[in-house]
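Coordinate-derived values only; no laboratory data. Just so it is clear, the model here is predicted, and its values are computed rather than measured. Glycine also receives a Cβ, built like all others from the backbone with ideal geometry; neighbour counts cover every protein chain displayed.
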Amino acid sequence: MTTISLTSPLQRVLLPLGLLVLLIIAGWFIVQTATADQWINVARGDGEYDAATKLAMTDFAVQFAPQISKLHYQRGQAYLSLAAGEETQTFLKESIASLQTAAQLGPEDFRIWIALGQAQDRSGETAEAKKAFTQALKLAPNYYEPHWAYANHLLRNSENDAAFAEFKRALAIRPTELPLLFDYAWNTFNGNVAAVIKALDPSSHAKAQFASLLIERGKVNEGMALWRELNNTAPGLARSNARNLINALLTKQQFGVAYEVWQLATKTRRSDESELTEEARQEDANWYAINQPDAGSLLNNGDFENDLRTGTVAPFQIWRLTQTKGLTISRNNQQYKTGSFSLQLNFDVTGNVGFAVIEQLLPIKPATAYQLSFAAKIEDLQTLSAPLVEVYDPADLKRLHGSTKPFPLGNSAWQDHSIDFTTASATEAVVVRVLRPACGEPPCPIRGRIWLDNIKLTTK
């Protein structure tokens, strides 16, 4: 082991002095970096400073600490983001120069190369931009951002095949970006479904979401063809993603197909079931629960002999309850027309509020005559807009919309009511509901109680 002798007076003075100098230099570097970084952060913020002031701050920051790559990178981004109007080319030139300096100081940072490529792209330096994007890919081949940036560069330059090949690499890294990529493809190929599918070539895991995106664009047949293909080859995977597809179909008012998918899904086990929490598993089971219609009726639980469910429920053949302040919905085993229970509605609602009290969506045959019947009892009902029962085609009210008269005010013993109707040739489903319409003008409170029992939907 070597021992340094500090016996010389000069050595005893120089060594501490050298350490002090090093500490001063290190301290200055830290202060310099922190100060410049603070200026950059202020310039990038959404404060009260105008664009010119913000750019001046970034200029000062790089002059104050010119050796720091990050500051040149942030200055380049600032000029790039503000490159518009008459200052476009001037700002782009400044942006490119700053980003090139950043790349020299920090050549291993892929983000700098992406920003440089974007600035060069906007400036029309296509070949140089391509080099920058390629360098970013070399530095970070397993990151999403370089692939996505390069794909956009290729797309802007009409290299569609190469662009979507790169997009697919980006998507493999971050599958959640499929909706955005779908939009790119949809716009690029002007809604040509075959071209979109060919360009994206969705994997099995992406096909269900891809099908939903097609349906959202109005391409129901094409979306369903893709989903059926997935259901035939990977039914568990299709089941795991069926809920989004069904909701897309319901949004597009494709009730018949939505019911078909829902029924198929109830018979299939999810491929990811073991990964679900107990809470998620129960919610999924509730959403896919098959609710059998009552004897002699197409409706489920129209006699209210079974419990009413809250929270997540199936989309078909189950009562959905409305949460409205002042409204209480419950089953009553003291007042009933038949069986052992009825539905009791307690109203103490203030204000001019219109709402559906309960409703049930169910599939139905087209061009068929039906009768909706029920019994009602009323106590102390007071309002300017009384509830009523209605049935309608949720896809088009003009095709079908029938209702009872508003319930009478005051008190009324059990009375039977009915609505006769015939579905249109295009009707796929109906909604049966109890509706409290809003008044023409407020205020319009409602108070009192209504009991309903034995709600049935039958063919005539």
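Numbers below:
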quantity	calculated
Cα gyration tensor, region 32-287 - rounded (a/c under 1.5), prolate or oblate	prolate
Assigned charges on the beta-carbon of Lys, Arg, Asp, Glu; region 199-344 dipole about Cα centre (debye)	340 debye
Distant-in-sequence amide H partners of Ala429 (H built 1.01 Å from N, under 5 Å)	Ile364
Where the Cα pairs of region 320-459 fall when distances are cut into 5 Å bins, in %	2, 10, 19, 22, 19, 14, 9, 4, 0
The chain - convex hull of the alpha-carbon atoms, volume per residue in Å³	299 Å³
Once exposed loop GluC sites (Glu not before Pro) are cut out (DSSP; at most 11 other Cβ, 10 Å), longest piece of the chain	109-460
Surface/4 estimate of mean projected area, convex hull on alpha-carbon atoms of region 79-155, nm²	4.7 nm²
For the chain, size of Cβ-based charge dipole, Lys and Arg +1, Asp and Glu -1, in debye	500 debye
Karplus 3J(HN,Hα) series, Hz, for region 268-285 with 6.51 cos²θ - 1.76 cosθ + 1.60 (x for Gly, Pro)	10, 8, 5, 6, 10, 4, 5, 8, 7, 6, 4, 5, 5, 5, 5, 5, 4, 4
Label-to-label distance, nm, for residues given as Asn160 and Gln89 (7 Å Cα→Cβ offset)	3.2 nm
Under the Karplus curve 6.51 cos²θ - 1.76 cosθ + 1.60, θ = phi - 60°, whole-Hz ³J(HN,Hα) for region 68-85, x wherever Gly or Pro sits	9, 4, 4, 5, 5, 4, 5, 5, x, 5, 4, 5, 5, 5, 9, 6, 7, x
R0 of 51 Å, Cβ-Cβ distance Cys439-Thr459: FRET efficiency to nearest 0.05	0.90
Anchor Lys325: lysines whose Cα lies under 24 Å away (excluding residues fewer than 8 positions away in-chain)	Lys377
Top positive-direction residue, dipole computed over region 174-313 with Cβ charges, set Thr251, Ala211, Asn300	Ala211
Helical contribution to [θ] at 222 nm, DSSP H n ≥ 4, -39,500 (n - 2.57), averaged over the chain, rounded to 500	-15500 deg cm²/dmol
Cross-link partners of Lys365 among lysines (Cα-Cα below 22 Å; sequence separation of 8 or more within a chain)	Lys252, Lys398, Lys456, Lys460
Which of Thr422, Ala386, Ala185, positive extreme of dipole for the chain (C-beta unit charges)	Thr422
Under Karplus coefficients 6.51, -1.76 and 1.60, residue-wise ³J(HN,Hα) of region 350-364 in Hz, glycine/proline x	9, x, 8, 10, x, 6, 7, 6, 9, 7, 9, 9, 8, x, 8
Inter-centroid distance (Cα atoms) of region 133-180 relative to region 352-374, Å	50 Å
Cα-centre dipole for region 32-287 with unit charges at Cβ (Lys and Arg positive, Asp and Glu negative), debye to 20	680 debye
Debye-sum result for region 137-216 in log10 I(q)/I(0), which assumes one identical scatterer on each alpha carbon, at q = 0.14, 0.16, 0.27 Å⁻¹	-0.42, -0.54, -1.41
Length-normalised contact order of the chain in % [C-alpha pairs under 8 Å, at least 6 apart]	9 percent
Straight-distance crosslink candidates among aspartates and glutamates, where the alpha carbon sits under 14 Å from Lys168 and sequence neighbours closer than 8 are dropped	Glu145, Glu177, Asp183, Asp201
Hydrodynamic radius by Kirkwood, which averages 1/r over all alpha carbon pairs of region 166-322, in angstrom	17.1 Å
